[in-house]
Each structure stands twice: as structure tokens, then as C-alpha cells.
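All remarks here apply to the structure that follows.
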Amino acid sequence: YKLSDVDPLAGCLPTLVTIPVWIGLYRALSNVANEGLLTEGFFWIPSLAGPTTIAARQSGQGISWLFPFTDGHPPLGWSDTLAYLVLPVLLVISQYVSSQVMQPPQNNDPSQQGAQAVVKFLPLLIGYFALSVPSGLSLYWCVCFTDFNLSLFRFFSFNNKSFIITFFMVYLE
């Protein structure tokens with residue numbers, strides 16, 4: 001590993017380690033929400049167990065808290081709905097930034113175009129998942145992605161001084 005200057009823990013292993021934590025949080029928050037024990041808010045989030053329920057997720061209606069509008073209002077009301085929507089929006093943005101930073105240079109290879117389409121679609125898919133799980137899980141996800149993005153930014157900014165200029169000019173247009 002030292003000859004090739006490769007870190008074996010820099011691949012997908014850190015992501016795989018977080019999967020048991022993610023599953024445990026999902027089950028814990030779902031069970032607490034099912035029992036009605038978690039009613040306090042956390043910062044701007046009305047409840048870490050909300051906005052969806054186990055029954056809604058199991059019946060395929062995990063985003064029923066968002067639609068249908070009644071008299072121009074979502075089922076939870078505008079204030080709670082907007083508070084719950086902050087985390088999915090942050091997740092989509094942080095996932096998009098990390099996918100753009102980690103993406104290799106573009107080429108015209110047809111096999112790479114399919115992979116690039118998946119990379120562009122993945123942030124939206126993660127945002128949809130964040131809409132249909134407890135907000136505590138979305139918060140965990142958001143913290144992990146934000147930490148990952150900050151680590152990438154620190155790594156590239158210390159190892160490549162032109163990275164900061166490139167980052168702000170290309171990815172934040």
C-alpha cells in the first residue's frame with residue numbers, strides 16, 4: 001500500500017461501515033414513531049420521527065405528508081412541511097456537489113455517458129428517499145454527506161492550491 005500510495009480505507013469501506021448505523025437508526029426511529037414516544041422537535045425539525053409513518057411507508061405512500069394539497073395547503077401545514085423539506089433539499093445539494101467533485105474528467109465514451117447519467121440522477125433519488133423516511137435519518141445522512149464534502153474540500157485545497165479557484169468557478173456557477 002505504501003509503494004503505490006493507496007489507502008485501502010479510502011474506497012467504499014467507510015460507506016459500508018455506516019450501513020448498520022443507518023439501518024439501526026431507521027428501525028429505532030420508526031419504532032419510536034410507531035409508539036408515539038418522540039414528539040419533541042430538534043432545532044427547526046418538528047419531530048425526528050416524522051413526517052411519515054411506518055404504515056404509510058409500507059403501503060407505498062411515504063410522501064403522503066406532502067401531497068395532496070387541501071385548500072392550497074399540504075396536509076401538515078406550510079410551516080411543518082417547509083421545515084421537513086429543508087433536509088431533503090440539503091441532501092440533494094450536498095450529494096450533487098460531492099458527485100461533481102469526485103467525477104472524473106468527461107470523455108465521449110458511450111459507456112461512460114450512462115454512468116454519468118446515473119451520477120446526475122442519484123442526488124434526486126436520495127432526495128426522494130429522504131422524503132419518505134424519518135427526518136432523524138435524513139439528518140444523519142445530511143451530516144455524513146456534509147462531513148464528506150468538507151473532508152474533500154480540505155484534502156483538495158491543501159494538496160492542490162488551484163482547486164479552490166476551480167471549485168468556486170466551475171461547481172458553484
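For the reader, a short list of remarks on this structure follows.
- From the options 149, 160, residue that is at pLDDT below 70 and closer than 27 Å to residue 43 by Cα: 149
- Flag: residue 80 matches the condition of being of a type in the set (D, E, K, R), surrounded by 13 or more Cβ atoms within 10 Å (Cβ to Cβ) and modelled with pLDDT of 75 or more.
The values are calculated or read from the model by the stated rules, or taken from the named source; none is laboratory data. As the structure is a computational prediction, the values presented were derived from the model and not from experiment. Ideal geometry is used to build each Cβ from the backbone, glycine not excepted, and the neighbour counts take in all protein chains shown.
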